[in-house]
């Protein structure tokens, strides 16, 4: 946050110096800067950098991105109980369960410069890229495989609904501080 | 013969599968593949291979059913190298990737046990895996509900709940369970496993749910038969009713799902 403000003061230094003499204007100016930052948030460079999967154009994750960001832990928790304890392996529409970690990894695996999948100890790993920023440490990959088996190409996006969300375009993205604030999940202490 | 008739019905009316929810899984495993078996006597199948089920098979949505009790019959009189089964198991579940553990600490889902009668000099070996007991002691003692029995009789560990207390390892009379002592990498997709959890043979639950036989059964060349113990028409039930079989430590009255011949 401090870095954030410092950057803006430096950029608008003359404006700030002048407006310090006129307090109301200063307040208005700061508010303007703040609002500009929220509008133009994707440029703030402070959020985590994520990589969306290749060949994902025209496809979406099992839910729209905004929902996935907040609800993916619930999906995973729900479906792991279904799969492991009850032996349910598919949804009513014959597609794979939404909360299949195997499917997450198959689509969202990130490759490095040498065209190899990056593992969980690499900051570029899709899960790590956000979790590290948000100081979330979860244990999924102590047991679960962190990269696809084989090339992963056979699995990519096969089970996903054919819905076009225009904001899903492969490439590198920088989430913003505001994005991350919106993701913060409600705290539940309901299960294991 | 009944098996073939069921199969014909399935082909003619696919929709009847959906109506007859309770026997679909059974029909699939034993119905659609009857021709692939190897018969040793009229009407008796020694083993059969199962076709991979597609996601359109509705039992994937239904989950495990208590109408089914999966079991295995191991014929130890067959001249089989049981290590082939162990290798197939290791490959299927990605076992053997411990780097720092001692040999006696490393995970094994199947052990090959050699027994010898000192009086007569007769020796034999048999594979011993989780026996998938009906009244499983490991399930009884587990403090967190991690050690569990699925409705279809498969006993397995829910690693999401396992705290690694190893009480189940103490309780198991078959020494079927192992504990992972070190951080693991490169697990297989279908068998997540990691440090601090107890694990054991899960009868290749991922394969069964996809309509395949367990890996050891496939590798045994017919020496291990897999099937539904609840279905009197299934090959395993027919052989057991005709020729009998033994359970290891049957005196404990745990009613294991794994039966043996020739012990």
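The values are calculated or read from the model by the stated rules, or taken from the named source; none is laboratory data. Since the model is a prediction, treat every value here as computed from it, not as a measurement. With ideal geometry, Cβ positions are generated from the backbone for all residues, glycine too; neighbour counts draw on all protein chains shown.
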*Taking the condition out of contact with any helix residue (DSSP H, G or I) (no Cβ under 6 Å at 6 or more places or on another chain), modelled with pLDDT of 90 or more and within 12 Å of another protein chain (Cβ to nearest Cβ), does residue A:127 pass?*
no
*asked:* Quick check on my filter: what residues within region A:63-77 are farther than 18 Å from residue A:48 by Cβ and either touching a strand residue (DSSP E or B) at 6+ places or on another chain (Cβ under 8 Å) or within 14 Å of another protein chain (Cβ to nearest Cβ) (or both)?
replied: A:76, A:77
*Going by the conditions given, is residue B:199 buried (at least 22 other Cβ atoms within 10 Å of the Cβ) and at pLDDT below 95?*
no
_Verdict on residue B:233 being touching a helix residue (DSSP H, G or I) at 6+ places or on another chain (Cβ under 6 Å), more than 24 Å from residue A:89 (Cβ to Cβ) and either at pLDDT below 95 or surrounded by 21 or more Cβ atoms within 10 Å (Cβ to Cβ) (or both)_ = yes
*Out of all the residues in region B:169-181, is one or more closer than 24 Å to residue A:105 by Cα, surrounded by 18 or more Cβ atoms within 10 Å (Cβ to Cβ) and either out of contact with any helix residue (DSSP H, G or I) (no Cβ under 8 Å at 6 or more places or on another chain) or without any contact (Cβ under 8 Å) to a residue 60 or more places away in the chain (or both)?*
yes
_Restricting to region A:78-100, give me the number of residues that are touching a residue at least 24 places away in the same chain (Cβ under 8 Å) and either in contact with a strand residue (DSSP E or B) (Cβ under 7 Å, 6 or more places away or on another chain) or facing chain B (nearest Cβ under 8 Å) (or both)._
2
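To keep it simple, each residue is scored yes or no on (1) within 26 Å of residue A:143 (Cα to Cα); (2) within 12 Å of another protein chain (Cβ to nearest Cβ).
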residue	(1), (2)
B:63	yes, yes
B:81	no, no
B:91	yes, no
B:95	yes, no
B:123	no, no
B:135	no, no
B:142	yes, no
_I need the full set of residues from region B:133-145 which are assigned to a loop (DSSP other than H, G, I, E, B), touching a residue at least 24 places away in the same chain (Cβ under 8 Å) and under 22 Å from residue B:196 (Cβ atoms), in order please._
B:136, B:142, B:143
*Can you pull out the residues in region B:176-192 that are modelled with pLDDT of 95 or more and touching a strand residue (DSSP E or B) at 6+ places or on another chain (Cβ under 9 Å)?*
B:176, B:177, B:178, B:179, B:180
*asked:* Being part of a loop (DSSP other than H, G, I, E, B), within 14 Å of chain A (Cβ to nearest Cβ) and modelled with pLDDT of 95 or more: is that true of residue B:130 here?
replied: no
*Of the conditions (1) in a loop (DSSP other than H, G, I, E, B); (2) within 21 Å of residue B:191 (Cβ to Cβ), residue B:80 clears all except one; give me its number.*
(2)
